[in-house]
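Presented below is the structure to which this report refers.
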Amino acid sequence: MSADNWAICPKCKKSEDAKQEKLRKKATAAYGKVPPDEYLKLLEAANNPQEMRETLREDYQIGVMDDGEFDIEYSAYCDKCGFKFSYKHAEDVPIA
């Protein structure tokens with residue numbers, strides 16, 4: 001079965017953002033303390049984040065069943081970091 005959608009994983013994005021912040025701090029701290037070419041390499045690494053891939057598989061279903069029940073099911077799983085999330089809700093639809 002194929003996924004309904006592929007997206008960027010929020011956990012992987014948070015991790016990548018933290019990594020970039022660490023690189024920015026390292027470059028800032030190195031200013032004037034390392035040779036210029038080394039500082040430029042640090043600065044380049046800090047300003048060029050890794051491209052994020054869509055590793056979060058999303059599967060979902062929404063609808064009213066023939067018995068009058070409204071149903072939502074959602075699940076997400078990241079192939080890279082193992083992040084998981086799922087949500088399910090069901091309620092009876094008022095039928096006059």
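Taking the criterion of being assigned to a strand (DSSP E or B), among the β-branched types (V, I, T) and in contact with a Phe, Trp or Tyr (Cβ under 6 Å, 6 or more places away or on another chain), would at least one residue in the stretch 64-82 satisfy it? If you could, list the steps in order and put the result at the bottom.
So in the stretch 64-82, the residues assigned to a strand (DSSP E or B) come out as 64, 69-78.
Next, from what is left, pick out any that are among the β-branched types (V, I, T): 64, 72.
Those left that are additionally in contact with a Phe, Trp or Tyr (Cβ under 6 Å, 6 or more places away or on another chain): 64.
Yes, because at least one residue in the stretch 64-82 is assigned to a strand (DSSP E or B), among the β-branched types (V, I, T) and in contact with a Phe, Trp or Tyr (Cβ under 6 Å, 6 or more places away or on another chain).
Search the stretch 43-73 for residues being β-branched (V, I, T) and within 22 Å of the chain's Cα centre (by Cα), and hand back the single one that is nearest to L23 (Cα to Cα). Give the steps one after another, and end with the answer.
First pass over the stretch 43-73, keeping only residues β-branched (V, I, T): 55, 62, 64, 72.
Then keep just the ones that are within 22 Å of the chain's Cα centre (by Cα); that gives 55, 72.
Values: T55: 24, I72: 41 Å.
Looking at residues that are β-branched (V, I, T) and within 22 Å of the chain's Cα centre (by Cα), I get T55.
For the stretch 7-59, which residues satisfy the criterion of being outside any helix (DSSP H, G or I) and acidic (D, E)? Break it down into steps so the answer makes sense when it comes.
As a first pass, look at the stretch 7-59 and keep what is outside any helix (DSSP H, G or I): 7-9, 31-35, 48-59.
Result: E51, E54, E58, D59.
Hey, among E44, E54, which residue is under 30 Å from E73 (Cα atoms) and not small (G, A, S)? Break it down into steps so the answer makes sense when it comes.
Values: E44 fails: under 30 Å from E73 (Cα atoms).
The match here is E54.
Restricting to the stretch 83-96, what's the tally of residues that are assigned to a loop (DSSP other than H, G, I, E, B) and surrounded by 10 or more Cβ atoms within 10 Å (Cβ to Cβ)?
The initial filter retains those residues of the stretch 83-96 that are assigned to a loop (DSSP other than H, G, I, E, B), namely 83, 93-96.
Still in the running and surrounded by 10 or more Cβ atoms within 10 Å (Cβ to Cβ): 83, 93.
Adding up the residues that qualify gives 2.
None of the figures in this text is laboratory data; all of them are computed from the coordinates on show. A quick note: this is a predicted structure, and the numbers were derived from the prediction, not measured. All Cβ positions, glycine included, derive from the backbone under ideal geometry; neighbour counts span all protein chains shown.
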